[in-house]
1. Can you compute the modelled spin-label distance between Glu116 and Lys179, with each label point 7 Å from Cα toward Cβ, in nm?
2. Cα gyration tensor of the stretch 65-145, axes a ≥ b ≥ c as square roots of the eigenvalues: rounded (a/c below 1.5), prolate (a/b > b/c) or oblate?
3. How high is the relative contact order of the stretch 45-99? Use alpha-carbon pairs under 8 Å, at least six apart in sequence, and give a whole percent.
4. What percent of all Cα-Cα pairs in the chain falls into each 10 Å bin, going from 0 up to the bin containing the maximum distance?
5. If you add up the charges near Leu84, with Lys and Arg at +1 and Asp and Glu at -1, over every other residue whose beta carbon is less than 12 angstrom from its beta carbon, what do you get?
6. Using 0.36 nm per residue, how much length does the chain from Ser31 to Ile5 gain when fully extended, once their Cα-Cα distance is taken away?
7. For the chain, what is the mean residue ellipticity at 222 nm derived from helices alone (per DSSP H run of n ≥ 4: -39500 (n - 2.57); sum divided by total residues; nearest 500 deg cm²/dmol)?
8. Sum up the charges of everything whose Cβ sits under 14 Å from the Cβ of Gln192, counting Lys and Arg as +1 and Asp and Glu as -1, but leave Gln192 out.
Amino acid sequence: MSKEIEIEFKSMLTNDEYQQLLHHYAITDDSFVVQTNLYFDTRDFQLKQHGMGLRIRRFSTKAEATLKVPQTIGLLEITDTLTLTDAQRALQKEQFPSKATEIHTKLQDLGVSLHELHLIGELTTKRSEFSIAEGKLALDESWYSDHHDFELELEVSDAAYVEANFKEFLKKMHLPYRKAQNKIVRAVAARQSWDKKRRDSND
């Protein structure tokens, strides 16, 4: 289990901008990690109402569950270690695992039962993450339902670093600022749209 404060800024990229950044930072194929995010909430979206996000992140050799809780500055990330089997079972059953004990405790404090949590979205990301002067930079290419997009994320440790600083960084890189919805929001919206298309096609 771990707890840490996350302060991050995001902007969407075009494919061309993404390729330019890979070239600028000399990113090679072995720099990428592929991860699949499984997102969970209750059917009446109790976590969303609290401004919280809950995911399982599955890598090739490990998995972890993370609950993101809003703070005055940034987000508190509560992370529990899971096995790949735990993650696969959660995907198959579309239910959040009870083994995430620290997360379970926090949700109980909020009056949310783990048994009410179900899978609401899935997203796979190919990520390259590395340190720069401003903080930790991540370049993401993501696939979810019938969507495919590119994104830049900058995580900083300095609470004085604000959105204006982030926009200056983008300007220095000759990039426009494009507001990015959280991955969970994009994945859930895409899944709902995809499910509706499938229902309509079967009518």
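1. 2.9 nm
2. Details: a/c = 2.19, a/b = 1.33, b/c = 1.65.
The shape class here is oblate.
3. In percent, rounded to a whole number, it is 25.
4. Percent of pairs per bin, in order: 8, 32, 36, 20, 4, 0.
5. +2
6. Values: separation 26, 0.36 × 26 = 9.36 nm, distance 2.51 nm.
Gain on extension, Ser31 to Ile5, equals 6.8 nm.
7. Computed mean residue ellipticity for the chain: -9500 deg cm²/dmol.
8. Working: positive: Arg43, Lys48, Arg186, Arg191, Lys196, Lys197, Arg198, Arg199; negative: Asp41, Glu122, Asp146, Asp195, Asp200.
After counting each charged neighbour, the total is +3.
Each reported figure results from applying straightforward, stated rules to the coordinates on display, with no laboratory input. In this text the structure is predicted, and so the values were computed from the model without any measurement. A quick note on method: Cβ atoms are made from the backbone with ideal geometry, for glycine too, and the neighbour counts reach across all protein chains shown.
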